[in-house]
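Student: First the structure, which I've put down as structure tokens, then a few questions once you've had a look.
Quick note: the coordinates plus some simple rules give every number you see, no bench work behind them. Here the structure is a predicted model, which means the values were calculated and not measured. Here the Cβ positions follow ideal geometry from the backbone for every residue, glycine too, while neighbour counts run over all protein chains shown.
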Amino acid sequence: MNLCDRATIARICKKYGFQASKGLGQNFLIDPAVPRRIAETVPEGYGALEIGPGLGCLTVELARRAAKVAAVELDRALLPVLAETVPQQNVTVVHGDFMKLSVPELLAEHLPGLPVAVAANLPYYITTPIVMKLLESPVEQVTVMVQKEVAERLCAPPGGDESGAITLAVAWRAKAEYLFEVPAASFWPAPKVDSAVVKLTLREPPVAVQDEALMFRLVKAGFAQRRKTLTNALKSAGYDPATAAFLPAGIRAERLTLAQWAALADAYCAAQA
Ligand code: SAM
């Protein structure tokens, strides 16, 4: 069954009385090359974790390549659909909200003993929290399709114009690669914006810091008011601006490198001691 074919999708939707929900970010891929290319990033023999299998076009490609696949789908209405479209024995569809699941428990139950790569066409309304959660999970690699502007932010170097709080989180935990762009016309229904696929290879942080959680609280405070100078943003969040006095005067959050954020966190840590 070609799950990227419009007529096939229409037939499945009719058979199961299924209607795509905008609120759940249901934009299904109709270009078969895209799920194939995403699945090809999963190393052979790995366990694959998919978030939001939808009608199953990426899931079947993953089943071909990975040792096992666990696919988490929130929409109950898609479960009978997936039972027909993804009959492969090495796939388990898990009904649930990915944000509420424990990834270590999910992997222990469905992909035990396997190195794990994530592959997903993410629901756009919840991209950033999902990526943040994956960066803290015991997975080796994350290949995700997201809105193009989000992809640019995920892959931007810290300190540059595109930098945001998520940029720092990615740079801290992963090597990011911008793989390829996918036009809005490759989806049904077509979203308003283009998309891009990024690959994050998780690794140890490249810089040492005494208190990682404190550093990310400072990052959050700094980017919460990105029009302000960093000193003023920190001040409004209740941090003593004098501790940040060693930073260049007037610097804004997006201009700091990872090493500078780490130095800032270490300075607050020392000030608290
Ligand atoms: N993988 C399919 C494809 O590429 O055609 C569908 C991708 S669609 C952009 C996103 C999918 O994520 C939908 O099936 C939607 O129901 C599901 N979804 C939305 N929120 C979710 C959540 N919190 N947890 C798990 N799945 C979710």
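Student: Tell me the trypsin sites (Lys or Arg not before Pro) within region 193-258 that lie in a loop according to DSSP and have at most 12 other beta-carbon atoms within 10 Å. Please list the in-between numbers first.
Tutor: Values: sites: Lys199, Arg203, Arg217, Lys220, Arg226, Arg227, Lys228, Lys235, Arg252, Arg255; in loops: Arg203, Arg226, Arg227, Lys228, Arg252.
Here the trypsin sites (Lys or Arg not before Pro) that fit, given the DSSP loop and packing criteria, are Arg203, Arg227.
Student: Given the chain, what percent of its DSSP beta bridges are antiparallel, to the nearest 5? Mind showing how you got there, number by number?
Tutor: Working: 17 of 35 bridges.
Percent antiparallel among DSSP bridges in the chain is about 50.
Student: Can you pull the one-decimal nm distance between simple spin-label points at Ala10 and Asp211, each 7 Å off the Cα toward Cβ?
Tutor: Those two pseudo-labels are separated by 6.1 nm.
Student: If you don't mind, there's one more thing I want to ask. Using helices alone, what [θ] at 222 nm do you get for the chain, with -39,500 (n - 2.57) per DSSP H run of 4 or more residues, divided over all residues and rounded to the nearest 500?
Tutor: Details: 11 runs with 103 residues, N = 273.
Helices in the chain give a 222 nm mean residue ellipticity of -11000 deg cm²/dmol.
Student: On a C-alpha basis, how far is the centre of region 30-90 from the centre of region 107-141 in Å? Whole number, if you could?
Tutor: So the separation of the two Cα centres works out to 13 Å.
Student: Taking Lys175 as the anchor, which aspartates and glutamates have their alpha carbon closer than 16 Å to its alpha carbon, excluding any fewer than eight residues away along the same chain?
Tutor: Cross-link targets: Glu136, Glu140, Glu152, Glu204.
Student: If you wrap the chain's Cα atoms in a convex hull and average its projection over all directions, what's the area in nm²? Mind showing how you got there, number by number?
Tutor: Numbers: hull surface 59.8 nm².
One quarter of the hull surface, i.e. the mean projection, equals 15.0 nm².
Student: Spelling out what I want: for every residue of region 13-20, take phi, set θ = phi - 60°, compute 6.51 cos²θ - 1.76 cosθ + 1.60 (Karplus), and round to whole Hz; glycine and proline get x.
Tutor: Listing the rounded values in order: 4, 5, 4, 9, x, 8, 10, 4 Hz.
Student: Name the long-range amide H neighbours of Phe187: under 5 Å, sequence gap of 5 or more, or other chain; modelled H, no Pro or chain starts.
Tutor: Ile30
Student: Taking 0.36 nm per residue of separation and subtracting the Cα-Cα distance, what length does fully extending Phe246 through Glu105 add?
Tutor: Values: separation 141, 0.36 × 141 = 50.76 nm, distance 4.36 nm.
Taking 0.36 nm per residue and subtracting the Cα distance, the gain is 46.4 nm.
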